[in-house]
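K.L.:
My questions will all concern the structure given below.
Taken together, the values in this text are just the output of simple stated rules run on the coordinates, not laboratory data. Note that this is a predicted model, so its numbers are computed, not measured.
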Amino acid sequence: MTRNFDLVALIGLGAALCSMGSFVPQLIKIWREGDASAVSLRMFALTVAGFTLWAIYGLLRGGWPLVLSNLVCLGLSAAILISKTILERRSA
């Protein structure tokens, strides 16, 4: 049972790291270039909604790794969404 749990925990950790890490390059690019025109506002709005729901689901299920990883992803994707909104308003 311990060996199975370790494998499941490693798969979960890998998934969380991939999810969290996937937003970092986009966020860095936006901050460096000051341009978010290539970012889809609808897609990131939907992504923020999805991570919010996953975090709530994890909270209701008592799955703290699920909650924490989704809160990090929520923060990163929200930062992209906010950056997009701010940059669009500045250029308008």
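K.L.:
By how many degrees, 0 to 90 and rounded to 10, does the Cα axis of helix 64-91 deviate from the longest principal axis of the chain?
P.N.:
Tilt relative to the chain: about 0 degrees.
K.L.:
Output ³J(HN,Hα) for region 8-21: one whole-Hz value per residue in order, computed from phi by the Karplus curve 6.51 cos²θ - 1.76 cosθ + 1.60 with θ = phi - 60°, and x for Gly and Pro.
P.N.:
Along region 8-21, the couplings run 4, 4, 5, 5, x, 5, x, 5, 5, 5, 5, 4, 5, x Hz.
K.L.:
Could you work out the per residue convex hull volume over the alpha carbons of the chain, in cubic angstrom?
P.N.:
Details: hull volume 7.8 nm³, N = 92.
About 85 Å³ per residue, rounded to a whole number.
K.L.:
On a 0 to 90° scale, report how tilted helix 41-61 is relative to the longest principal axis of the chain, with both axes built from alpha carbons and the result rounded to the nearest 10.
P.N.:
With rounding to tens, the tilt is 30 degrees.
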